[in-house]
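Novice: This is the structure, below, for whatever I ask next.
The values are calculated or read from the model by the stated rules, or taken from the named source; none is laboratory data. Note that the coordinates shown come from a computational prediction; the quantities given were computed from them, not determined experimentally. Glycine gets a Cβ as well: all are built from the backbone with ideal geometry, and neighbour counts include every protein chain shown. Accessible surface areas use protein heavy atoms only, side chains included; no ligands, DNA or RNA. Shrake-Rupley method; radii C 1.70, N 1.55, O 1.52, S 1.80 Å.
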Amino acid sequence: MPRLRTPALIPAVITAVIALLTATACSRAEPAPTDNAAPVNGGKATELRLGYFPNVTHAPAIIGVGQGLFKAELGGTTLTPQTFNAGGDAVNALLGGSLDATYIGSGPAVNAFAKSDGQVRVIAGATAGGAQLVVKPDITDPQQLKGKTIATPQLGNTQDIALKVWLKKNGLTAGDGPQDVKIANLDNPRTLDAFRQGSVDGGWLPEPWSSQLVLNAGAKVLLDERSLWPNGRFPTTVLLVRADFLQKYPETVRELLRAHIKAIDLAQTDPAQAKTIVNQGLQKLTGSALPGPVIDRAFENITLDPDPLASTFPHLAQDSATAGITEKPTDLAGFLDVAPLNAELQAAGKPPVDAAGLDKPGGNS
């Protein structure tokens, strides 16, 4: 009988066992870093599923879709746009894999980073400003909000967080149950109707809905959120992408950003045309255009800018915790990746934006 050559097999068996154990251990731990993985298909995706909201604060997205800027830059990549009412829904779609990128509020962007354990990246800013607390005319002081109902677009969205933090700073409790102020999370169009009917006393709302309540429903501004921030600048809308999509398809992301910058440039160089394009987009998305005075006022309250205003995000992370949306402030290490944006800005002869150190990887809470 031939002698079995078992000694020669032992090293191979041991190697295989070690490899299996290593793979099992990796599957139980956090996903291994993939920063150095090669792009797929030369960095070009076959489809880009892009989310945005029918709000003036999402003007770059509405302009980019309406003018075909995204389609032109994406070339052979199919653009599939989807619209949402507020950040929570867009986050669920993004983390659930039915969206690749989305225009979204700063608060939900932070929450998505925390919820996904760092699997999303802010790659650009879009809009600064454009949010106000508007109320019935007889309310002139925060303390007069006791016993009142104030609307926000959705639980945990940017305006919902801002309202809760501001109420707390003014010594007021908010939420369900025996609270000083009741918060009603309503779709923006419903808030306009509810205010007219008297079932809500005001709302912390993005444009154009704050302008709608002021000009068409008799509300007054109790607080412009810009007054709470240095130089009146805070990120209302940013561009968020899944980290795996960014890694696999960097060329598609660059094309997305190229169109994004062109949309902002159009709005800055020809505001009248931008208003027309946005109003046409809103009519298509919602079934009705805005009256001229409303869209004029809404545009006066926003600044379109690709700078994500990175230095404000630690404050926003603290606000999410203060509002009870997250248990503690999110560790934002690796939250931003503005390298693709800065490459496109440089190519367009524009100054780069600052990541404020939030592009550095680290342990996420």
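Novice: If you split all Cα-Cα distances of the stretch 233-320 into 10 Å bins from zero, what percentages do you get per bin, shortest first?
Specialist: Histogramming the stretch 233-320 at 10 Å steps yields 14, 34, 35, 17, 1 percent.
Novice: In Å³ and rounded to a whole number, note down the convex hull volume per residue for the Cα atoms of the stretch 75-183.
Specialist: Cα-based convex hull of the stretch 75-183, divided per residue, equals 140 Å³.
Novice: Then there's this: What is the spin-label model distance, in nm, from Q283 to Q268 if the labels are put 7 Å beyond Cα along the C-beta direction?
Specialist: For the pair Q283/Q268, the computed spacing is 2.9 nm.
Novice: At R0 = 35 Å, how high is the FRET efficiency between D141 and K328 if r is their beta carbon distance? Nearest 0.05 is fine.
Specialist: Using R0 = 35 Å, I get an efficiency of 0.60.
Novice: With viscosity set to 0.692 mPa s at 37 °C, what whole-number translational diffusion coefficient in µm²/s follows for the stretch 184-342 from Stokes-Einstein and a Kirkwood radius over Cα pairs?
Specialist: Translational diffusion coefficient: 180 µm²/s.
Novice: Given 0.36 nm per residue, what is the gain on full extension from S311 to N170 after removing their alpha carbon distance, in nm?
Specialist: 48.3 nm
Novice: With labels modelled as points extended 7 Å from the Cα through the Cβ direction, what inter-label distance (nm, one decimal) is found for R196 paired with Q179?
Specialist: Placing both labels 7 Å along Cα→Cβ, they lie 2.7 nm apart.
Novice: Same structure, new question: Per residue, how large is the accessible surface of the chain? Use a 1.4 angstrom probe and give square angstrom.
Specialist: That works out to 45 Å² for each residue.
Novice: Suppose a student asked you for the relative contact order of the stretch 143-204, using Cα pairs under 8 Å spaced at least 6 residues apart; what percent would you report?
Specialist: 47 percent
Novice: Sticking with this one: Considering the Cα positions of the stretch 113-264, please state its Rg to one decimal place and its Dmax as a whole number of Å.
Specialist: Radius of gyration, then largest Cα-Cα span, for the stretch 113-264: 17.8, 55 Å.
Novice: Can you tell me the orientation of helix 188-197 relative to the chain, as the angle in degrees between its alpha-carbon axis and the longest Cα principal axis, to the nearest 10?
Specialist: 30 degrees
Novice: Rounded to the nearest 5, what is the percent of antiparallel bridges among the DSSP beta bridges in the chain?
Specialist: Approximately 60 percent, going by the DSSP bridge assignments.
Novice: Oh, and also: Hey, any idea what Rg/Rh is for the chain, computing Rh the Kirkwood way over Cα pairs?
Specialist: Rounded to two decimals, Rg/Rh equals 1.08.
Novice: Let me ask you something else. What percentage of the solvent-accessible surface of the stretch 199-279, computed with a 1.4 Å probe over protein heavy atoms, is contributed by carbon and sulfur atoms?
Specialist: Heavy-atom surface of the stretch 199-279 belonging to carbon and sulfur, 1.4 Å probe: 49 percent.
Novice: Quick check on packing: order 232-241, 336-345 by the mean number of other C-beta atoms within 10 Å, highest mean leading.
Specialist: The most tightly packed comes first, giving 232-241, 336-345.
Novice: Moving on. Counting only C-alpha contacts under 8 Å and six or more residues apart, can you give the relative contact order of the stretch 220-365 as a whole percent?
Specialist: The value is 21 percent.
Novice: Mind checking the dipole of the chain: about its Cα centre, +1 per Lys or Arg Cβ, -1 per Asp or Glu Cβ, Debye to the nearest 20?
Specialist: The calculation lands at about 600 debye.
Novice: Need the full-extension length gain, A38 to S116, defined as separation in residues times 0.36 nm minus the C-alpha distance. One decimal, nm.
Specialist: Extra length available between A38 and S116 comes to 25.8 nm.
Novice: Also: Please compute the modelled spin-label separation between K220 and K350, points set 7 Å along Cα→Cβ, answer in nm with one decimal.
Specialist: The modelled label-to-label distance comes out at 3.9 nm.
Novice: Rounded to two decimals, what ratio of Rg to Rh does the stretch 207-281 give with C-alpha atoms and a Kirkwood Rh?
Specialist: Reported Rg/Rh, Kirkwood definition of Rh: 1.08.
Novice: Give me the angle, in degrees from 0 to 90, between the Cα long axis of helix 250-269 and the longest principal axis of the Cα atoms of the chain, rounded to the nearest 10.
Specialist: Value to nearest ten degrees: 20.
Novice: Remind me, relative contact order of the chain in percent, using alpha carbon pairs under 8 angstrom and six or more residues apart?
Specialist: Relative contact order for the chain comes out at 25 percent.
Novice: On the principal axes of its Cα set, how long, how wide and how thick is the stretch 257-301? Give whole Å, largest value first.
Specialist: 30, 21, 15
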